[in-house]
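Structure first, commentary second.
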Amino acid sequence: MSDTKLPAHMDPKNSFQGLILTLQNFWADQGCVILQPYDMEMGAGTFHPATTLRALGPKPWRAAYVQPSRRPTDGRYGENPNRLQHFYQYQVILKPSPENLQELYLQSLYAIGIDPKVHDLRFVEDDWESPTLGAWGLGWECWCDGMEVSQFTYFQQVAGFECAPVSGELTYGLERIACYLQNVDSIMELNFNGREGDEKITYADVFLQAEQEFSRYNFDHANTEILFRHFKDAEDECKALLAAGADGNQHKLAMPAYEQCIKASHAFNLLDARGVISVTERQSYILRVRELAKACGGAWLQTEAGGA
Amino acid sequence: MPELLLELFSEEIPARHQRRAAENLKKLVTDALVERGLLYEGAVSYATPRRLTLSVVGLPAASAATKTERKGPRTDAPEKAIEGFLRAAGLTSLDQATVQNDPKKGDFYVAITEKPGENTTDIVADIVPTLVEKFPWPKSMRWGSGNLTWIRPLRAITATFAVEGDETQTIEFEVGGVKSGNTTYGHRFLAPAAITVRRFEDYAAALESAKVVLDLDRRMEIIRADADNLAFAQGLEVITDQGLLEEAAGLVEWPVVMMGKFEEQFLGLPEEVVTTAIRSHQKCFCLRDAKTGKLADSFLLISNIEAPDGGKTIVAGNERVIHARLSDAKFFYDTDLKRPLESRLPKLDAMVFHEKLGTQSQRVERLVALAAELAPMVGAHADDAARAAKIAKADLVTDMVFEFPELQGLMGKYYAAAQGEKPEISNAILDHYKPSGPSDEVPTQSVSIAVALADKLDILTGFWAIDEKPTGSKDPFALRRAALGVIRISLDNQLDLNLSKLVGDHMVRISGAADEAKIADLMSFFEDRLVVQMRDTGIKHDVLDAVLGNGGLAKGFTLPSIVARAKELAGLLESEAGESLLAGYRRAANILRAEEKKDGKAFNQTVDNSAFLLDQESQLFSAIKVVNESVAANISNEDFAAAMNDLASLRLPVDAFFDDVMVNDDDPKVRINRLNLLAKLRETMHLIADFSKLAG
């Protein structure tokens, strides 16, 4: 933690953006590249190529970034205090996972104002798996006074490939942590900019209308015919790019192909929210996305950044 | 006596693996020590979230020297044999072998290998790395750039050997880049400093003052006692939960029990909703009023630290989370109650149960028809059974069950009761999932029985109709459990159901036609499950096979009648008469088998009274005639005890026959008639069971 005292409007206890900026500074000090959100819709920060693709291959990598996460089925028209269809994850990936990763994580909590001497911090077993990414890892849910504030995972496999070296991944649930730090019961009540009086901007000021409109879109208005087509188009494009980019032992289009995989995954999530995918069909869609993810992972391993 | 201390220090080990891991560590290390010639007096192992510890006392400082003798070939044996001996004994030339003399064998070679004793520390340094590498974790992982696997990253190893007095030695080795030493660490937050370790006694004491309770059982006991005391002081009782207690103790090194409260309004929720939210999701204990037995508006949390504010912040944090969880639950409950259950049924249209078996709605329609068909057979009103089946799955699309899937059935029951359904109908919504496992109870109310059977028979018939049967260890739709459920419900309630017919009728509902082969296959699947189930009640599989060999479910026999027959048969076989009768049967069957083979034909003609030469023949024949009629009558009356008595009465004439009659008479007419008589005996006994299936 830096010695200079933060101005009140930057203190994570008063400010949502202050929380994000504190984490950015903390992980920048650990040698991470601080990236900006990936400019595509995705269900979790793990989908960002800086995690999924960079976790593969032998090259060391350290990155941290905020990623807006879209979970269409979690939309509640802004009425549920803890549930949104669009929220922020703070994502950190360190490859290879350093020996003191748990310590670093605890220090980051200390930096945002969670003192481990006063709070009950716990690492509770959690086996993480992403069927769509063909990925799994072992680690924990990190609890602070009974609340899950982060996920901590040692990646074992991504896109169907063994991770060697192993990456350590941290995912902070920013809104939830902020509610705790700011002592408010609903995400919408969060102070976003840390100002008071007329200058105060809340989470609701920024996102309430969006939650309402996107909940309508996700549940009622998203044109499923178009979405099915988007899924198919993205799947076809992904396969076409994978074929076109293959060049002997090298691959020249791994990243564009992976973007199409992200697109297919998001189209599937929207279709799922519209309730037009049955339980058994659901499984086959997940498998189709996983096949794309695996092929993209394989292609990435044939690129320079993938260590080829 | 010298002692060994070993600690494997890691990142947090999941609570559910700790006890087994400590046991494995003890077994693996002590077995390996013994194998290397090191006997010990005692060994104890411990586990906390961050460490596995083993203390072995009464070890020698070194293993004893050993001398082994290996006898070889005679000195004049061929060169090949001598070469082989040298190779096997690990000798380079004959100079290293000794010659011994045996008065019978003459001179022969002997290889004497003397192995000096090894220091215990060297042996430990040799065996532990391999054990760590091959440790049997249920699921292990790699980390960083290494290849070692452990349950979570292994960070330090302490290994010391204490000989006499204060003299201790660090046992040095390395595994997966982790070097052993004599340093451990205290509680992650309360006393994280390094601790130098000598032997178990000072190790355990140092950890205790560094806020680590090493022993899982002691942590459990501390939690239990503190929880009881805190509860008692408030006039409350802890709702005991051994599984939660062990889990809670596996999540802390320094247990601190504290009490939190939630708003009283949440007590208006069904009790199970509150306890599920608090126990399964927050790993906190629920409490009851000691006098009234009612759920209390407080809970107990187990913290891992003693905080300077006395835990106020921790309690407040936990209260917030539990408040949020209960608010969610209350919101779901209130929303769910606003709509009658059947108004949710259309949503089941969109839920595909299985692509070849249609939607949940179609499944519900089938359940309604099957439950109504079953109702009169189990003593229920058809309308009630149909109504219960109709709304049995409606809670799957309520908000509460979506959030807390473990409450399926239970919420349906509450919602049905709230909208004024009859108690037997609302109970059936919960009970129709039962029995959900070997220890779960079996439904006993008639409406519940009808819907529970319908639910299971529909799944089984459906998956058999589309050829998706369980194979090997793969049983994704839990069909074995469903079949076992049908068996237990039928037996516990003594239901004489013609399963073969029920399944046939239901297959028509599912696929438009009854496929006889599939029905027969499903019946034998039930029978296989029955054999497994009966094994636990002491009825051996061969007895059941013998009964089933005479006609099982496919022939319309019912589960209770099959089991009753098996029990009576087992009783008969245990009696002296039964034993003797079985011996007679076997003798008859063996003779028939041999002679049928010899003559190339079966002996199934009528027995000819006039061809008898001896009294024993005619006596046996008249006994068989009497018994045959009586057994048939008793079986059709399902009086299996009487049928067994009939059979037992054959014992004397059978014994007499074999004592005095020689079957293979020289006169072919006499011989054939005697063989026909034995065939008749076999046929009569097979009215009860196929005795040839009984194990010798």
Fill in: Hydrodynamic radius by Kirkwood, which averages 1/r over all alpha carbon pairs of the stretch B:264-329, in angstrom
12.6
Practice prompt. Normalise the Debye intensity by I(0) for chain A, one equal point scatterer per Cα, no solvent, then take log10 at q = 0.10 Å⁻¹ and round to two decimals.
Written response: -0.59
Item to complete: For B:Arg36, put the label point 7 Å out on the Cα→Cβ axis and report which residues of the stretch B:116-138 keep their amide N under 19 Å from it.
Response: B:116-136
Worksheet item: How long are the three semi-axes of the equivalent ellipsoid of the stretch B:98-180, in whole Å, if each is the root of 5 times an eigenvalue of the C-alpha gyration tensor, listed from largest down?
Response: 43, 21, 10
Worksheet item: Extension gain B:Glu167-B:Ile112, at 0.36 nm per residue separation less the Cα-Cα distance, in nm?
Response: 16.1 nm
Practice prompt. Starting from the residue with the highest accessible area, list A:Leu19, B:Leu39 in decreasing order, probe 1.4 Å.
Written response: B:Leu39, A:Leu19
Worksheet item: the stretch B:130-167: which residues show an accessible-area loss of 40 Å² or more, assembly versus chain alone, 1.4 Å probe?
Response: B:Lys139, B:Met141, B:Arg142, B:Gly144, B:Arg152, B:Arg155
Worksheet, complete the sentence: Comparing each residue of the stretch A:141-179 in the complete protein assembly with the chain by itself (heavy atoms, probe 1.4 Å, ligands and nucleic acids ignored), those losing at least 30 Å² of accessible area are A:Trp143, A:Asp145, A:Gly146, A:Tyr154, A:Gln156, A:Val166
Response to the item:
At q = 0.16, 0.19, 0.23 1/Å the base-10 log of I(q)/I(0) from the Debye formula over the alpha-carbon atoms of the stretch B:216-337 is -0.74, -1.03, -1.42
Worksheet item: Whole-Hz Karplus ³J(HN,Hα) for the stretch B:479-496, in order, using 6.51 cos²θ - 1.76 cosθ + 1.60 and θ = phi - 60°, x for Gly and Pro?
Response: 6, 5, 5, 4, 5, 5, x, 4, 5, 5, 4, 5, 6, 4, 9, 6, 9, 8
Fill in: Computed E for A:Asn100/B:Lys356 - FRET, C-beta separation, R0 41 angstrom, nearest 0.05
0.15
Response to the item:
The number of Lys pairs in the stretch B:66-115 whose alpha carbons lie under 18 Å apart, excluding pairs fewer than 8 residues apart on one chain, is 5
Worksheet item: What is the interface area between chains A and B, defined as buried accessible area summed over both chains with a 1.4 Å probe, reported in Å² to the nearest 100?
Response: 3800
Discussion item. Testing the spin-label approximation: label points 7 Å from Cα along Cα→Cβ at A:Arg282 and B:Asn147. State their distance in nm.
Written reply: 4.1
Practice prompt. Report the net charge of residues surrounding B:Asp608, where surrounding means a beta-carbon distance below 15 angstrom and charges are Lys +1, Arg +1, Asp -1, Glu -1.
Written response: +2
Practice prompt. Write down the accessible area per residue of the protein assembly as shown in Å², having rolled a 1.4 Å probe over the full set of protein chains.
Written response: 44
Discussion item. Distances longer than 48 Å among the Cα atoms of the protein assembly as shown: what percent of all pairs is that?
Written reply: 47
Worksheet, complete the sentence: Counting only DSSP loop positions in the stretch B:345-386, the GluC sites (Glu not before Pro) whose Cβ has at most 15 other Cβ atoms within 10 Å are B:Glu355
Practice prompt. Would you mind getting me the FRET efficiency between A:Leu35 and B:Thr313? Use the beta-carbon distance for r and R0 = 30 Å, nearest 0.05.
Written response: 0.30
Worksheet entry | Chain lengthening between B:His281 and B:Lys597 when straightened (0.36 nm per residue, less Cα-Cα) | 106.7 nm
Worksheet item: What lysines could a cross-link reach from B:Lys601, if we take a straight Cα to Cα line under 25 Å and drop same-chain neighbours fewer than 8 places away?
Response: B:Lys625, B:Lys669, B:Lys680, B:Lys693
Response to the item:
The percentage of the accessible area of the protein assembly as shown (probe 1.4 Å, all protein chains present) made up of carbon and sulfur atoms, to the nearest whole number, is 50
Discussion item. Show me the GluC sites (Glu not before Pro) within the stretch B:254-291 that DSSP assigns to loop and that have at most 15 other Cβ atoms within 10 Å of their Cβ.
Written reply: B:Glu263
Fill in: the stretch B:342-569: relative contact order as a whole-number percent, Cα under 8 Å and 6+ apart
15
Worksheet item: Which whole-Hz ³J(HN,Hα) couplings does the stretch B:115-129 yield from phi under the Karplus relation 6.51 cos²θ - 1.76 cosθ + 1.60, θ = phi - 60°, glycine and proline marked x?
Response: 10, x, x, 10, 5, 4, 4, 5, 5, 4, 4, 7, 8, 5, x
Discussion item. Taking R0 as 45 Å, what FRET efficiency do you get between B:Glu83 and A:Ala305 from their Cβ-Cβ distance, rounded to the nearest 0.05?
Written reply: 0.15
Worksheet item: So which aspartates and glutamates pass the test for B:Lys434, namely a Cα distance under 12 Å, with those fewer than 8 places away in the same chain ruled out?
Response: B:Asp455
Worksheet item: Using 7 Å Cα-to-Cβ label points, what is the A:Asp205/A:Thr224 separation (nm, one decimal)?
Response: 4.0
Item to complete: Take B:Thr75, project a point 7 Å from its Cα along the Cβ direction, then tell me which residues of the stretch B:98-116 have their backbone nitrogen under 12 Å from it.
Response: B:98-102, B:106-110
Discussion item. Viscosity 0.890 mPa s, temperature 25 °C: give me the Stokes-Einstein translational D for the stretch B:575-693 in µm²/s, with Rh taken as the Kirkwood radius over C-alpha pairs.
Written reply: 170
Discussion item. If you filter the stretch B:124-204 for GluC sites (Glu not before Pro), then keep DSSP loop positions with at most 15 other Cβ within 10 Å, what is left?
Written reply: B:Glu164, B:Glu167, B:Glu172
Worksheet item: Could you list, bin by bin from short to long, the percent of Cα-Cα pairs of chain B in 20 Å steps?
Response: 13, 26, 30, 24, 6, 0
Worksheet item: Using only Cα atoms, what is the ratio of the radius of gyration of the stretch B:66-115 to 2.2 N^0.38 Å?
Response: 1.07
Worksheet item: From the backbone phi of the stretch A:268-274, what are the Karplus-calculated ³J(HN,Hα) couplings (6.51 cos²θ - 1.76 cosθ + 1.60, θ = phi - 60°) in whole Hz, Gly and Pro given as x?
Response: 4, 4, 5, 4, 4, 5, 6
Fill in: Size of charge dipole - the protein assembly as shown - debye, nearest 20, with Cβ of Lys, Arg +1 and Asp, Glu -1, no other charges
1440
Item to complete: Determine the gain in length on full extension of the stretch B:Ser439-B:Asp228; use 0.36 nm per residue of separation and subtract their C-alpha separation, reporting nm with one decimal.
Response: 73.1 nm
Item to complete: Give the cross-link partners of B:Lys501 among the lysines, using a straight C-alpha distance below 19 Å as the criterion and excluding same-chain residues fewer than 8 apart.
Response: B:Lys456, B:Lys518, B:Lys555
Worksheet item: Hey, rough spin-label estimate for B:Arg218 and B:Lys104, points 7 angstrom out along Cα→Cβ, what's it come to in nanometres?
Response: 6.2
Worksheet item: So what does log10 I(q)/I(0) come out to for the stretch B:342-569 at q = 0.11 Å⁻¹, using the Debye formula with one equal point on every Cα and no solvent?
Response: -0.53
Item to complete: Grab chain A and count how many Lys pairs have their alpha-carbon atoms under 25 Å apart, sequence gap of 8 or more, or different chains.
Response: 19
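The values are calculated or read from the model by the stated rules, or taken from the named source; none is laboratory data. Here the structure is a predicted model, which means the values were calculated and not measured. Glycine also receives a Cβ, built like all others from the backbone with ideal geometry; neighbour counts cover every protein chain displayed. Ligands, DNA and RNA are stripped out before the accessible areas are found, and what is left, the full protein with its side chains, is counted by its heavy atoms. Shrake-Rupley method; radii C 1.70, N 1.55, O 1.52, S 1.80 Å.
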